[in-house]
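Right, one structure below, let's go through it.
The values are calculated or read from the model by the stated rules, or taken from the named source; none is laboratory data. This structure is a prediction, so every number in the text was calculated from the model and none was measured. No Cβ is skipped: glycine too gets one built from the backbone with ideal geometry, and neighbour counts run over all protein chains shown.
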C-alpha cells in the first residue's frame with residue numbers, strides 16, 4: 001500500500017521548475033482547470049499550482065481551490081506517470097462545488113495517464129496528437145507570391 005502523503009519533493013517550488021514545465025509541457029484542460037504536463041526523471045509525479053487572484057477571487061476561494069487540487073493530486077499521485085504538473089484554475093472554478101472540481105481533476109489525471117501510455121504503442125500517431133504548434137503544418141507554402149509577378 002502506498003502512503004498518500006504530499007512531501008516537499010513532490011512539489012514544484014522554484015520559478016525555474018515552473019518555467020521548464022511551461023516550456024516543454026503539453027497542455028490539457030477542461031472547464032475548471034488547465035494542466036501543463038512535462039515529463040521528468042526525478043521522483044515521479046510532482047505538482048505545482050497557479051491559482052491567480054484574477055481567476056479565483058479572494059484568498060478564501062483561492063485557498064479552497066488549492067486544497068482541492070492538492071487533495072486530488074495526493075490521492076492520484078501513484079497512478080500518474082513521472083511528470084511535472086502545473087495546474088491552473090480557470091474562472092469557472094470559482095464558486096463551483098467541490099465534488100465537481102474533484103471530478104474535473106480526476107478526468108484530467110486519467111487523460112494524462114492515457115497520453116503517457118499512448119507513445120509506446122505508436123510513436124507517429126501519438127506524436128501528432130500530443131505535439132503543440134511544432135507539429136502543425138508549415139505556414140509558408142503555396143500561399144507565397146512567387147507566381148503572381
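Each residue in the stretch 96-125 was checked for being at pLDDT below 90 and over 15 Å from the mean Cα position of the chain (by Cα), and 9 of them qualify. If only residues of the stretch 6-17 that are in contact (Cβ under 8 Å) with a residue 12 or more places away in the chain and within 19 Å of residue 81 (Cβ to Cβ) are counted, the one that is surrounded by the fewest Cβ atoms within 10 Å (Cβ to Cβ) is 9. More than 12 Å from the chain's Cα centre (by Cα), modelled with pLDDT under 95 and surrounded by 13 or more Cβ atoms within 10 Å (Cβ to Cβ): does that describe residue 93? In short, yes. When residues in the stretch 59-73 are screened for being loosely packed, with under 15 Cβ neighbours inside 10 Å and farther than 18 Å from residue 95 by Cβ, 0 of them pass.
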